[in-house]
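Below is one structure, written out as structure tokens, with a few remarks after it.
The values are calculated or read from the model by the stated rules, or taken from the named source; none is laboratory data. Predicted, not measured: the structure shown is a model, and the values here were computed from it. Reconstructed Cβ throughout: ideal geometry from the backbone, glycine too, with neighbour counts over all protein chains shown.
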Amino acid sequence: MITPLRRIGLARVLSKRGLCSRSQAAQWVAEGRVTVDGRVVLDPEYPISGNLQEISLRGADANQSDRVYLMLNKPRGLVTSTRDEQGRDTVYRCLEGAGLPWVAPVGRLDKASEGLLLFSNDPEWAASVTHPEHGPDKTYHVQVDAVPDAAMLAMLVQGVEVEGEHLSAKSARLLRSGSRNAWLEIVLDEGRNRQIRRLLGGFDLGVLRLLRTAIGPVKLGPLTKGGNRRLTPVEIGLLGTPGTKP
């Protein structure tokens, strides 16, 4: 029995090849910039069967772009988004002039947060990194407006109900403290929206600074604020499973 080839929408194929985001691909298709076997296709959901069809983008072959795996030391005040409807600066400001193909953020850091943020044009790898159950742990250094004792740190691990959602840390420890504030190391084994800020808020702890220092075994290290570098092949494999050409 012959198994039929899996058919994938044209815009999704362009995105999976690391050429652009899926929404950007859909726009290109709708603008008539994409041809399949020499014929302009205007339907972003036009079915593509494996690699049997020739896809071109304004006459240039739309084969898979080189896979890029990147880390950025995100500065505070930038939005993790390809574009912002309010006109705020995004993390892409840090990648201007780097000569990179299109890459997307892998996970998020909110505007007020800093530190390690990954980018890639490999959607399968990105999905494995951000998987809610199997993805790597994330480590944060957090400055809070109090000096938590051992009992409070234990409660952060035990967790708290916030707006009907149970939030907790995998681990929490004191790094250093002053008279009025302290730095904590908090490790999460899941990714929820503003999880650390909401968790600490559940115990009346305010966040003064929040810095992601590691994802799995890959550390931010001495990378300068706003700087970026390619991940090594070892780091790529430690974080997730690289995808293949659709």
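Some points to look at:
- Sole exception among (1) modelled with pLDDT of 95 or more; (2) surrounded by 14 or more Cβ atoms within 10 Å (Cβ to Cβ); (3) assigned by TED's automatic domain parsing to the domain that holds E190 for A150, by number: (2)
- In this entry, L116 passes the filter for residues that are at pLDDT 95 or above and within 23 Å of Y69 (Cβ to Cβ).
- Scanning region 113-129 for residues that are part of a helix (DSSP H, G or I) and in contact with a Gly (Cβ under 7 Å, 6 or more places away or on another chain), we see that the one that is surrounded by the fewest Cβ atoms within 10 Å (Cβ to Cβ) is E124.
- Complete set of residues in region 206-240 that are among the hydroxyl-bearing types (S, T, Y) and either without any contact (Cβ under 8 Å) to a residue 24 or more places away in the chain or surrounded by 15 or more Cβ atoms within 10 Å (Cβ to Cβ) (or both): T213, T232
- Checklist (1) part of a loop (DSSP other than H, G, I, E, B); (2) touching a helix residue (DSSP H, G or I) at 6+ places or on another chain (Cβ under 9 Å); (3) more than 30 Å from A25 (Cα to Cα) applied to P136, failing item: (3)
- Beta carbons closer than 6 Å, at least 6 apart along the sequence or on distinct chains, pair a first residue in region 67-95 that is farther than 23 Å from D122 by Cβ with a second that is part of a strand (DSSP E or B) for R76/E114; D84/T90; R88/V79.
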